[in-house]
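Comments concern the structure below.
Quick note: the coordinates plus some simple rules give every number you see, no bench work behind them. As the structure is a prediction and not an experimental result, all values here were calculated from the model. Cβ coordinates were reconstructed from backbone atoms using ideal geometry, including for glycine residues, and neighbour counts include every protein chain displayed.
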2 protein chains.
Amino acid sequence: MNSPTLNEIASSAADRRWILVVEDDEDIRSLLSKYLGDNGFEVALARDGKQMDDVLARVPVDLIVLDINLPDEDGFSICMRLRNAASPPLIMLTARGEDTDRILGIELGADDYLVKPFIPRELLARIGAVLRRTAPDIESSQKTSAYSFSGFLLDSSTRRLLGPTGVRVILTSAEFDLLLTLCRDPGKVFSRDELKVASTTERSVDILISRLRQKIEDDPRDPTLIQTIRSMGYTFTAKVRVQ
Amino acid sequence: MNSPTLNEIASSAADRRWILVVEDDEDIRSLLSKYLGDNGFEVALARDGKQMDDVLARVPVDLIVLDINLPDEDGFSICMRLRNAASPPLIMLTARGEDTDRILGIELGADDYLVKPFIPRELLARIGAVLRRTAPDIESSQKTSAYSFSGFLLDSSTRRLLGPTGVRVILTSAEFDLLLTLCRDPGKVFSRDELKVASTTERSVDILISRLRQKIEDDPRDPTLIQTIRSMGYTFTAKVRVQ
DNA sequence: AGATTTCTGAAACAATACGATACAAACAAG
DNA sequence: CTTGTTTGTATCGTATTGTTTCAGAAATCT
C-alpha cells in the first residue's frame with residue numbers, strides 16, 4: 001500500500017476524482033468534505049440512501065464512502081444494492097463493536113472498511129488504495145461495444161437488440177451474429193462467403209437474411225436496412241454509431 | 001459465528017501459513033498468538049528486531065505483523081529494511097495519535113496497517129486480504145478473490161455466493177466452479193470443452209448450466225447473465241468487478 | 001418487346017442443438 | 001450399511017438452423 005502520490009491519483013486524470021460521502025452526522029460530513037477537498041478530490045455529500053441515489057444520478061462518482069448507520073435505509077442493504085460492476089467502489093464506515101463483526105465476517109461487497117473513530121489521513125490512504133486497485137478494472141469493463149442504427153441498439157456485450165420503441169427484439173444466435181457482422185462494417189458489400197459461419201451452403205445465408213429482415217425491417221419486402229447487391233451479396237445501409 | 005472464511009484461507013494450502021508477530025507487549029503477543037493459532041495459522045513470535053531476524057532465518061514466514069514501538073530498533077527502520085528484500089508482506093500496528101500520521105504520510109512499504117486498539121477479528125480480516133493480494137503463486141492469487149456482478153457477490157475464498165438481497169445462494173461445488181470460471185473471463189465464449197472438468201459428456205455441461213441458471217437467473221427461460229452461443233458454448237454477459 | 005437465363009425470397013421440410021425432466025450412479029455423512 | 005446429496009446419463013420436446021424447392025424478380029439475349 002504505497003501511496004506517496006495520493007494527490008497525484010486524485011488529480012492525475014485531468015479532472016479530479018469524485019468522492020461521494022454518505023453520512024448522517026453533520027460534523028463528520030463537513031470534516032470529510034473539507035479534508036478530502038483539501039487533498040485533491042471533488043466531494044459530494046449525501047445524508048441518506050435517497051440522497052445518495054440522487055447524487056449518483058447526477059455526478060460521475062468514482063468512490064463512495066458509506067456510513068453503516070443511516071436514518072432511512074440500512075448501510076448494509078445499500079451495499080447490496082450497489083453490488084454490481086457498474087457502480088463505483090465502496091468504503092464502509094462502521095462504529096466499533098457494533099456491526100463490525102458482521103462486516104468482517106460476511107464480506108458484503110465493500111472494497112474496504114474503516115472503524116470509527118478514524119483518522120482522516122487513514123481514510124485518505126484507503127481511498128487511494130481502493131482507487132488504485134479498481135481503476136484499471138473499471139476501464140476495461142467499461143469497454144462495451146454497442147451499435148445504434150435507426151432507432152435500434154445492438155449491444156454485443158449482452159447480445160441483445162433493442163427496438164425503436166425500447167422493446168427487446170428477440171434474435172437467435174445466428175441472427176445476432178449476422179447483424180453484428182453487418183453493423184461492424186456498414187456500407188461494405190459482404191459476399192455470402194463472408195457472412196456464412198461454418199460449412200453451410202451459401203443459400204443458407206439468404207434465408208438467414210430473410211429471417212433477420214422479418215424482425216428488423218419495417219417492410220421486409222422492401223428492405224431499407226439490409227440491401228441486396230445482386231450477384232454480390234448484401235450490405236448494411238443504415239448509419240451506425242458506435243457507443 | 002467464527003470465521004470460516006479465514007480459516008479456509010489459512011489452511012487451504014495444505015500446509016498452514018506462518019504469521020510472525022513482532023510485538024514487545026507481552027499481553028498483546030500472547031493474545032495474538034492464541035487468536036491467530038485458533039484461526040488456522042502457525043504463529044511465530046518476536047520481541048524485537050533482533051529476534052525477528054532470527055525467526056526469519058529459520059521459519060518460512062508468510063506475513064509479518066509489526067508493532068511500530070519496539071525496544072531496540074524502530075519499527076520504521078525495520079520496515080525500510082524489509083522493503084527491499086524479497087521479504088514477506090507486512091502489516092503495521094500503530095498506536096492512535098502517536099506516529100500514525102507519520103506512517104500514513106510516509107508510506108514505507110507496509111501492505112496494510114492497523115491502529116491500536118483493534119479487534120482481533122479485524123487483524124484476521126486484514127491478514128486474509130493481504131495474503132490474498134500478495135499471494136505469489138498464480139494459483140492462489142487467481143483463486144482467492146471476490147467478484148461482484150448485478151447484485152451478486154461471489155467469494156472464492158469462502159466459496160459462497162450472496163444474492164442481491166444478501167441471502168446466501170447455495171451452490172453445489174460444480175456449480176460454484178462453473179460460475180467462477182465464467183466470472184473470471186466475462187464476455188469470453190467458453191466451449192463446452194473448456195467448461196467441463198473431467199471426462200464427462202459435453203451435454204453434462206448443459207445441465208450444469210441449466211441448474212446454475214435456475215439459481216441465479218431472474219427468469220431461467222430468458223437468461224441475462226449466462227448466454228448460450230449456439231454451436232459454440234456459453235458466455236457470461238454480466239459486468240464483473242474483481243474485489 | 002418477349003423469351004430465356006440467372007438470381008433471390010421465402011415456404012415447407014429435415015437435421016441439429018439445446019433445455020429440462022426423470023432416473024441412475026457416485027459420493028459423502030452419519 | 002443406510003440415507004441424502006450431488007453429479008452424470010438417457011430421453012423427449014422445443015427452438016434454431018440448414019436444405020430443398022419453387023415462384024417471382026432482374027438481367028441478358030434474340
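For residue B:34, the lysines whose Cα comes closer than 25 Å to its Cα, not counting residues fewer than 8 places off in the same chain, are B:50, B:116. Peptide B:224-237 has a mean of 3 when you count, residue by residue, the C-beta atoms of other protein chains within 10 Å of its C-beta. I want to verify the translational diffusion coefficient of region A:138-243 in µm²/s; compute it with Stokes-Einstein, Rh as the Kirkwood radius over Cα pairs, at 25 °C and 0.890 mPa s. Rounded to a whole number, D works out at 173 µm²/s.
Given R0 = 35 Å, the distance between the Cβ atoms of residue B:229 and residue B:170 translates into a calculated FRET efficiency of 0.80. Once both labels are positioned 7 Å from their Cα atoms along Cα-to-Cβ, the gap between residue B:77 and residue B:214 label points is 6.6 nm. Using R0 = 56 Å, the C-beta based FRET efficiency linking residue B:222 and residue A:25 works out to 0.80.
So, R0 is 45 Å and r is the distance between the beta-carbons of residue A:118 and residue B:200; what FRET efficiency does that work out to, to 0.05? With a Förster radius of 45 Å, E is 0.30. Between amide H atoms placed 1.01 Å from N, distances below 5 Å from residue B:169 occur with B:161, B:162, B:163, all of them 5 or more places distant or on a separate chain. Scalar couplings 3J(HN,Hα) for region B:156-171, obtained by applying the Karplus form with A = 6.51, B = -1.76, C = 1.60 to θ = phi - 60°, are 7, 7, 9, 6, 10, 10, 9, x, x, 8, x, 6, 6, 9, 7, 10 Hz; x denotes Gly and Pro.
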